[in-house]
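> Got a structure for you, written out below as structure tokens; questions coming shortly.
The values are calculated or read from the model by the stated rules, or taken from the named source; none is laboratory data. Since the model is a prediction, treat every value here as computed from it, not as a measurement. Using ideal geometry, Cβ is built from the backbone for each residue, glycine included, and neighbour counts are taken over all protein chains shown.
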Amino acid sequence: MTLRGMSSSLDSAADSLSIGAEPVLRVGVSPPLPVLRFFLAGRYALADVTVGPGWCRAEPGDQGVVVACEETSRLLPSPVILTPCRQAGTFVIPAVPVGAGFHWNHREDLTYPGSLELVAAGSRALVGVNRVGLEDYLESVISSEMNPCAPEPFLEAHAVVARSWVLAQLGPPRSVEEARPPGVDMWEWFDRRNHDLFDLCADDHCQRYHGQSRKLAAASQAVRRTRGTALYAKGAVVDARFSKCCGGVTEDFTTAWGGPPPTGLTSVLDASPLPPEWPHSLTVEAGAVPWIMGFPPAHCSITDAGILDRILLPMDRATEHFFRWREEFSQERLASLIEAKTGAGIGSVKGLKALRRGSSGRIEILEIQGVRGVLRIGKELAIRRLLSSSHLKSAAFVAMPGEMIGGIPRQITLTGAGWGHGVGMCQIGAGALAAGGADCAAILNHYFPEAELAAAY
């Protein structure tokens, strides 16, 4: 059944689950800067004057924010809001970091619709915040996250997942208290608590939102066909997540983040029924090692270049290996990374040992055995950051020592599975399903089997 054929079931659930109206989001579109330059592509209202088109600059003042546009300069209390005089008004922020902290990190001049809010971030910096309707935001997100030339059912499913995640972030904060396990030295995860000046950020930490320049017709149409539709479980919107490639099994929420798992998110096998030699628990080494070292059949194991070109954006397509990958570390490089990022002083690395794995085989607690001590670290993203100058592709890996000299390996090779945290919808797997004929409803049911579709507004 296609999403468009679900109107009756959506209508029946809408009365109890509807939030009423489309939300207006506050999306942080610049890092904190001492001076923020931006270009207004039309006329904008600034307090009691009209400014633009043209370049402007803003910086924090002693008692607010100083905004200078053309010959107009105003000191105004934070936040300062510039509102387009026409609905189609846009503004440009130059050299925006894209993929910050990841290996595809670069800068772009990005164009955004709607209002620009200038928010003081302490006394010496300010942040640019885009006020934009959720549906307009999603048209850019779907074009920024994946290739808008991807099959329509995949774009529709992605729109529903992305909308559900946003609605969950706008709801009451979940409890994220989680004690550090005994014996673990570093215990960290990164989620919503990082943003206190706006609702969402505009990069990979939240969802890629790269403005008007990314929007293409196919993605916009997919968002419009699914307008207001979200995933619900037990009467609450699902905190739906997605990652690039799960590696064959999607991961548990608590492997990546803190607090109790949200309703409607569960680990699923991203494959048709597997041959008998494969379906063993990946939470134990006896199951995880052969799974990661092998190449089991899965939707996201696709190697068809034509389909991958349709699904992935060029900056992601540059990553050649994602279902299974290898990373080789010299002893010097590995020990240097660990010392620089932790200061733990454990010396040369004798081995890496998984102490706790999640359902996809991703490591939640890693033990690093050094000649002068042991370091235990979690969670999933903290491990990926530690073992890379940017981010390791995933924490689902097996570490194999190379030639040993005096009990110390000269190199350690990681064989890994997947790309990203692995929770929720596997983007490459979902794209492959759509290319094989699955409709939107089938894709969503595969990755969120405990959820149902309903109209949020």
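> Given (1) assigned to a loop (DSSP other than H, G, I, E, B); (2) hydrophobic (A, V, I, L, M, F, W, C); (3) within 30 Å of Ala438 (Cβ to Cβ), where does Phe154 come up short, assuming only one miss?
If we test Phe154 against (1) assigned to a loop (DSSP other than H, G, I, E, B); (2) hydrophobic (A, V, I, L, M, F, W, C); (3) within 30 Å of Ala438 (Cβ to Cβ), just (1) comes out false.
> Please determine, by comparing only the residues of region 230-272 that are β-branched (Val, Ile, Thr) and not in a strand (DSSP E or B), which one is nearest to Ile365 (Cα to Cα). Even if it seems obvious, please write down each step before you answer.
Going residue by residue through region 230-272, those that are β-branched (Val, Ile, Thr) are 237-238, 249-250, 254-255, 263, 266, 268.
Filter once more, so that each one left must be not in a strand (DSSP E or B): 238, 250, 254-255, 263, 266, 268.
Numbers: Val238: 26, Thr250: 18, Thr254: 12, Thr255: 9, Thr263: 24, Thr266: 20, Val268: 21 Å.
Ranking the qualifying residues of region 230-272, first place goes to Thr255.
> Any idea which residue in region 180-193 is modelled with the highest pLDDT, counting only those that are closer than 27 Å to Ala240 by Cβ and out of contact with any strand residue (DSSP E or B) (no Cβ under 6 Å at 6 or more places or on another chain)? Full working, then the answer.
Initial filter on region 180-193 (closer than 27 Å to Ala240 by Cβ): 187-193.
Now drop any that are not out of contact with any strand residue (DSSP E or B) (no Cβ under 6 Å at 6 or more places or on another chain), which leaves 188-193.
Numbers: Glu188: 91, Trp189: 86, Phe190: 75, Asp191: 66, Arg192: 55, Arg193: 54.
If we take residues in region 180-193 being closer than 27 Å to Ala240 by Cβ and out of contact with any strand residue (DSSP E or B) (no Cβ under 6 Å at 6 or more places or on another chain), then Glu188 is modelled with the highest pLDDT.
> Shifting gears a bit: Just for region 135-153: of the residues that are within 17 Å of the chain's Cα centre (by Cα) and under 15 Å from Asp309 (Cβ atoms), which one is surrounded by the most Cβ atoms within 10 Å (Cβ to Cβ)? Before the answer, list the steps.
At the first step, the residues of region 135-153 found to be within 17 Å of the chain's Cα centre (by Cα) are 137-147.
Going one step further and asking which of them are under 15 Å from Asp309 (Cβ atoms), we end up with 146-147.
On the way: Met146: 25, Asn147: 22.
So the residue we want is Met146.
> Quickly run through region 368-416 and pick out the residues that are acidic (Asp, Glu) and surrounded by fewer than 19 Cβ atoms within 10 Å (Cβ to Cβ).
At the first step, the residues of region 368-416 found to be acidic (Asp, Glu) are 380, 403.
Listed by number, the list holds a single entry, Glu403.
> Now, a different point. Just to be sure, is Ser359 touching a Lys or Arg at 6+ places or on another chain (Cβ under 9 Å), within 27 Å of Thr266 (Cα to Cα) and outside any strand (DSSP E or B)? Outline the logic, then answer.
Values: touching a Lys or Arg at 6+ places or on another chain (Cβ under 9 Å): no; within 27 Å of Thr266 (Cα to Cα): yes; outside any strand (DSSP E or B): yes.
So Ser359 fails the test.
> Is it true that some residue in region 266-283 is in contact with a Cys (Cβ under 9 Å, 6 or more places away or on another chain), touching a residue at least 60 places away in the same chain (Cβ under 8 Å), β-branched (Val, Ile, Thr) and under 30 Å from Arg214 (Cβ atoms)?
Yes, that holds for at least one residue.
Table: residues versus (1) outside any loop (DSSP other than H, G, I, E, B); (2) touching a strand residue (DSSP E or B) at 6+ places or on another chain (Cβ under 7 Å); (3) without any contact (Cβ under 8 Å) to a residue 60 or more places away in the chain.
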{"site": "Lys341", "(1), (2), (3)": "yes, no, yes"}
{"site": "Ile346", "(1), (2), (3)": "no, yes, yes"}
{"site": "Ile377", "(1), (2), (3)": "yes, yes, no"}
{"site": "Ala382", "(1), (2), (3)": "yes, yes, no"}
{"site": "Thr413", "(1), (2), (3)": "yes, yes, no"}
{"site": "Gly416", "(1), (2), (3)": "yes, yes, no"}
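> Quick one: Thr50 ticks every box in (1) under 27 Å from Asp316 (Cβ atoms); (2) out of contact with any Pro (no Cβ under 8 Å at 6 or more places or on another chain); (3) among the polar types (S, T, N, Q) bar one, so which box is it?
(1)
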